[in-house]
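We did not get these values from a lab; they are worked out from the coordinates using the rules stated. This one's a predicted model, so the numbers in the text were calculated from it and none came from an experiment. In this analysis, Cβ positions are derived from the backbone assuming ideal geometry, glycine residues included, and neighbour counts consider all displayed protein chains.
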Amino acid sequence: MNSEAPTTTPAVADIDINQVIACPDCDLLLEKIPVATGEKLCCPRCGETLREPKTDSINRTLALALTGLLLFPFAIFMPIMTLNTMGLENSGNIFDEVIMTWDTGYRFIALIVALTTIIFPLIKLLLLFLISLSLKFKRYHNSLRLLMRSYIHLDEWGMLEVFMIGILVTIIKMHHMATIQYDVGLFCFIGLLAAALGSSLMMDKDEFWKLIENGERRNQRHRGAEAEGTKFCSNTDFLEQVAKK
Ligand SMILES: [Zn+2]
């Protein structure tokens, strides 16, 4: 019987978690190395992208999230298309479709469509806008970590692209049977879809997390300094400059 403790345990315990990165697909632990903009860090075992720094991530994410929010009411409440069959016209918007589905008894389907096409995409855009706005103006309030976590959990639940495929299928199936007029809601919906996808792609999650953690550490330092009666500048972090002298 071997009574010796496993020799790997102390080595694992000694690992500084701030210096390693874990592959989200295969859990391989790798040393964290700096990655320049335009480069990509991939897992050597499964090929998953681990880091891909984005250029001007905060400003671009903020601009696209704001664009999405501005387009949102037009995409949801304006008519998407008008179908004309033998003089009979019928047009509708996304919100009306959800209400009609609910009224016809398919309440579960109506609820799923409302959640994945209206509610979750709107919450995602709002979260992304609030997070990137806070980071841009260096306002690291305590709820930022919660907002970021909520965004990541909701990231898989927005399904605007699935709804877009549904619209395309309708157009392909109906264009032989009816005259289709494309309304302003369709173009706003395409713009919303592009802004939502673009904002997710432009968001550099690693940089966002790093800024949030740095901001939280700075807030703690400031709270400690305030408790001791020291003044500081929230924009330039003047306290740190004083401490270095
Ligand atoms: Zn991997």
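Points to keep in mind about this one:
- Dipole magnitude (debye, nearest 20) for the chain, charges at Cβ of Lys, Arg, Asp, Glu: 800 debye
- PHE189, PHE74, PHE208 arranged by Cβ crowding within 10 Å, fewest neighbours leading: PHE74, PHE208, PHE189
- Taking the fewest neighbouring Cβ atoms within 10 Å as the starting point, the ordered list for MET159, MET202 is MET159, MET202.
- Inter-site label distance for THR49 and HIS175 at 7 Å from Cα along Cβ, in nm: 3.1 nm
- Theoretical FRET efficiency, 1/(1+(r/R0)^6), r = Cβ-Cβ of ARG149 and GLU89, R0 30 Å, to 0.05: 0.05
- CYS188, CYS46 arranged by Cβ crowding within 10 Å, fewest neighbours leading: CYS46, CYS188
- Burial order of peptide ranges 58-66, 77-85 (average beta-carbon count within 10 Å, highest first): 58-66, 77-85
- Among the listed pairs LYS32/LYS136; LYS40/LYS138; LYS32/LYS205; LYS124/LYS173; LYS40/LYS136; LYS54/LYS210, those beyond 21 Å (Cα-Cα): LYS32/LYS136; LYS40/LYS138; LYS124/LYS173; LYS40/LYS136
- Farthest toward positive dipole pole in the chain [+1 Lys/Arg, -1 Asp/Glu at C-beta], among LEU71, LEU186, THR116: LEU71
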